[in-house]
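Right, one structure below, let's go through it.
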Amino acid sequence: MRGVDVESLLGSAVKPARDREPLPCRELDPLPGPVSRASLVLDLACIFVPARTRALLSGQGGAPGSVEETVVKWAHARVRSLVGTLLSGDVRVVAYRPDAAALTGLGPGLTPTGDDLLVGLAAMSQRFVGGGLLEARAAVAFTTSLAGLPAGETTPAAQHLLQNASRGHFPSVLASAVEMLGNPHADPESLRTLTVRLAAIGAHSGADLLAGALALVHGVIDREEKQ
């Protein structure tokens, strides 16, 4: 069930077409050293963040009472919950499954918003394991939860992306962008160029992938700030 009956509320508006070829995917390259909060803060000041990504990160977007507003609020809440579970170090697959199941197939697009968010979050979680910012077993539990999501809830293209993400393979342009975040050898211009390219994918898929990745970045920054 999708919380406040999101599926029945949105109806056919959240059911995208099912004929898109999946994006080419690859593994992430090894991170050359640990990642610090300071480097992430600096990187956030350099990247391109489109309005769509900002809306998903804040939970505020779309006209009042619109389908878009409902999708943005629901997706934001579920991703925020997943980030909290990841940062808590929870190693149980069942801890991630409800929020992941609530996101798959959610929203418009040939790869729905919810699935793009999950893939972006999975890529960033793997990156932060390599950077020493996230418990490896927690990231494995989250990505494992993606493999068990029901295929009938989303498009074939999105299901393919989820299966790839569960095995540590991500859309190439997303992989290139997350590899630069926190990378001590990255230059600001290259980082901005990569995020622009990522955000340009599809009508909103790239911006949604970026939102999933940045949700974990903000979560790590906020956690360390509180500590």
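Bear in mind that the values in this text are calculations on the coordinates, not laboratory data. Given the structure is predicted, the values throughout are model-derived calculations rather than measurements. Virtual Cβ from ideal backbone geometry, glycine too; neighbours counted across all protein chains shown.
Note down, for segment 107-172, the three equivalent ellipsoid semi-axes (square root of 5 times each alpha carbon gyration tensor eigenvalue), biggest first, whole angstrom.
Values: eigenvalues 95, 27, 16 Å².
Over the Cα atoms of segment 107-172, the ellipsoid semi-axes are 22, 12, 9 Å.
Quick check: the angle from helix 67-88's long axis to the longest principal axis of the chain, C-alpha only, nearest 10 degrees?
With rounding to tens, the tilt is 40 degrees.
Counting just the Cα atoms, what span does segment 186-227 cover along each of its three principal axes? Round to the nearest Å and put the largest first.
Its Cα atoms span 38, 24, 8 Å along the three principal axes.
So what are the ³J(HN,Hα) numbers for segment 184-197, from phi and the Karplus equation (6.51, -1.76, 1.60; θ = phi - 60°), rounded to whole Hz, Gly and Pro as x?
Here the 3J(HN,Hα) series is x, 9, 7, 9, x, 5, 5, 5, 5, 4, 5, 6, 5, 5 Hz.
Sorted by average packing, counted as other Cβ atoms within 10 angstrom per residue and highest first, what order do 205-213, 26-34, 100-108 take? Don't skip to the end; give the middle numbers.
Values: 205-213: 28.9, 26-34: 13.6, 100-108: 24.0.
So the peptides 205-213, 26-34, 100-108, ranked by packing, come out 205-213, 100-108, 26-34.
Calculate for the chain the 222 nm mean residue ellipticity that helices alone would give, adding -39,500 (n - 2.57) per DSSP H run of length 4 or more and normalising by residue count, nearest 500 deg cm²/dmol. Please list the in-between numbers first.
Details: 11 runs with 138 residues, N = 227.
Value at 222 nm, helices only, nearest 500: -19000 deg cm²/dmol.
When the Karplus curve 6.51 cos²θ - 1.76 cosθ + 1.60 is applied with θ = phi - 60°, which whole-Hz ³J(HN,Hα) does each residue of segment 202-215 get, with x for Gly and Pro?
Result, rounded to whole Hz: x, 6, 7, 4, x, 5, 6, 4, 4, 4, x, 5, 6, 4.
So what is the diffusion coefficient of segment 60-186 in µm² per second by Stokes-Einstein at 20 °C and 1.002 mPa s, using a Kirkwood Rh over Cα pairs? Spell out each step's value before the answer.
Numbers: Rh = 14.8 Å.
Calculated translational D: 145 µm²/s.
Under 5 Å between amide H atoms, partner at least 5 residues away or on a different chain: which partners does R26 have, H built in plane at 1.01 Å?
F170, S172
Based on C-alpha coordinates, I'd like the Rg and Dmax of the chain, in Å.
Over the chain's Cα set, Rg and Dmax evaluate to 16.0, 48 Å.
For the Cα atoms of the chain, what angle does the longest principal axis make with the long axis of helix 136-147, in degrees from 0 to 90, nearest 10?
Helix 136-147 sits at roughly 30 degrees to that axis.
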